[in-house]
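I have placed the structure first, in the form of structure tokens, so that the comments after it can refer back to it.
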């Protein structure tokens, strides 16, 4: 890995930044074009420490963490092509704050990824309802992607609608791709929390999809051979159940608490964390087929070892339902 203190860095894959797609407390996500072939790509640029030696250590940490991800190759996983060290030109960032001046003066670590032109599942659901056939198709694709990641001994740990992308704008032909594989909040927690603030992303969305064992810090799963590993792969299945709820209802998972005969909604990040961590679960939509409810209930089992593996879930009866059966299913968000 090149020294970030160098004035320039020669890389055969030079990416020209064109615009800002989004930004958070951890990184900027930029749209770029590869100079050698004109291919449109996404470039994720994490914020690094201002101190040169600390920045170099962070780059080495990111390089180790992403090495495995660059080798992933699956139709339902966002491809991560390569890394670069380069400058972000000021013309690519129309709005500045105090931190941006430092951000554009020194070389940055770039993660160059596949561009999915259909945007995120979260954004799609703000304006569009899904047919039951599409819910079945896309859920199977997500399970297939998770099965691949888990076979690679990789746990996502932050699966949600914001991290699921549509390969194109055509809903009839596009496929879903799981992104958000580089968890900067875990890799660079001190940089993200101490240097930057004002996360413009929907922070509450992560908590709405978070498994109870992730909240309590007890995400330990037992391997078939009896070996205990803290991988969190079964936590991804909980999040998958929440994503399926989101696809059906077009909203973030809801949490309802009963006090005697009164039912109240649990809202707010801390309230949701406490509710799920102390035994609560997302509310499963009513008036859905038994086979779909069964799939969601399996994913939302409190004990992670009671949840199916992604490989096992691929055999769930929901994925064998015929088109005729699915056409009779009216989604709750479409009813009335």
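By the beta-carbon count within 10 Å of each Cβ, the least crowded to most crowded order of 66, 131, fewest first, is 131, 66.
Summarising the label geometry, the points placed 7 Å from Cα in the beta-carbon direction at residue 152 and residue 216 lie 3.1 nm from one another. Subtracting the Cα-Cα distance of residue 291 and residue 106 from their residue separation scaled by 0.36 nm leaves 61.2 nm. Name the shape class, rounded, prolate or oblate, that the alpha-carbon gyration tensor gives for region 261-336, where a ≥ b ≥ c are the square roots of its eigenvalues, rounded holds for a/c under 1.5, and otherwise prolate holds if a/b is larger than b/c and oblate otherwise. Judged from the Cα gyration tensor, region 261-336 comes out oblate (a/c at least 1.5, b/c at or above a/b).
Based only on other Cβ atoms within 10 Å, what is the fewest-to-most ordering of 137, 126?
126, 137
Counting every other Cβ atom within 10 Å of each residue's Cβ, 116, 321 order from fewest to most as 321, 116.
Every number in this text was worked out from the coordinates using simple rules, so none of it is lab data. Note that the structure is predicted; figures quoted are calculated from it, not measured. Every residue, glycine among them, receives a Cβ derived from its backbone with ideal geometry; neighbour counts consider all protein chains shown.
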